[in-house]
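Accompanying notes for the structure given below.
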Amino acid sequence: MKLRWIAFLCFSMFTIGASAQQRHCDGLDDVLQYVPYASVLTLKACGVKSRDDWPQLLVATAGSWVVSAGVGYTLKHTIHEWRPDDSDNLSFPSGHSIFAFAGATVLHKEFGHLSPWISVAGYSVATLTAVDRVCKDRHHWYDACAGAAIGFLSTELTYYVTDRLFPRRNASITFTSNSIDVALRW
């Protein structure tokens, strides 16, 4: 039952993101922008130990997606910066960079404690996505940099808020020769 909900959430997030953006069949970067988010959910589904349990991970991931998309969409439809290829005036900020860096930040937060290479891989994919957008003349360099900053900061904000609203509760009991220590972390 849980697996169906997880699959539904993943499918919903990716189809909403895909339909919300104007499609230009740009290629590899259309897929790469979602790789960090997909990696988070795949690693967790495969049983890799993450920072948070499923409910908190899904809240943080969905929150990151919503905040990033909201900020990006609002800026795109407020600023009206023309793309370098003059195809439309929705260049600033790069939505691909926003989602790639937001996903890479979630990946870092959830699995970076296991190995720094997980974080390096996530941010490398995000950087490749941003650079590819600039090289294809879909964005100016500052569009991609702003998208990276928005994705990163949106995810940091989401984790800050979710950690305050849904604190992790851990309990530990330690036995010594003459005492029992109980520690609760709220």
Work out how much length THR74 to ARG168 would gain on full extension: take 0.36 nm times their residue separation and subtract the Cα-Cα distance, in nm to one decimal. 30.6 nm
What list of whole percents do you get for P(r) of the stretch 26-74, with Cα-Cα distances grouped in 10 Å bins up to the one holding the largest distance? 22, 45, 28, 4
Sites matching trypsin sites (Lys or Arg not before Pro) across the stretch 32-116 that sit in DSSP coil, with at most 14 neighbouring C-beta atoms within 10 Å: LYS49
Descending accessible area (1.4 Å probe), largest on the left, turns LEU157, LEU90 into LEU157, LEU90
Near the amide H of ASP88, under 5 Å away, which other amide H atoms are found, from residues 5 or more places off or on another chain, if H is placed in the peptide plane? ARG83
Residue separation times 0.36 nm, minus the C-alpha to C-alpha distance between VAL161 and SER115: what's the value? 14.0 nm
Could you state the principal axis extents of the C-alpha atoms in the stretch 71-120, from the largest down, to the nearest angstrom? 43, 21, 9
Kirkwood calc, the stretch 17-145, C-alpha pairs only, radius in angstrom 15.0 Å
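The values are calculated or read from the model by the stated rules, or taken from the named source; none is laboratory data. Keep in mind it's a predicted model, so treat the numbers as computed, not measured. Heads up, the Cβs are rebuilt from the backbone with ideal geometry, glycines too, and the neighbour counts pull from every protein chain shown. Protein only, heavy atoms only, side chains kept; ligands, DNA and RNA dropped before computing areas. Shrake-Rupley method; radii C 1.70, N 1.55, O 1.52, S 1.80 Å.
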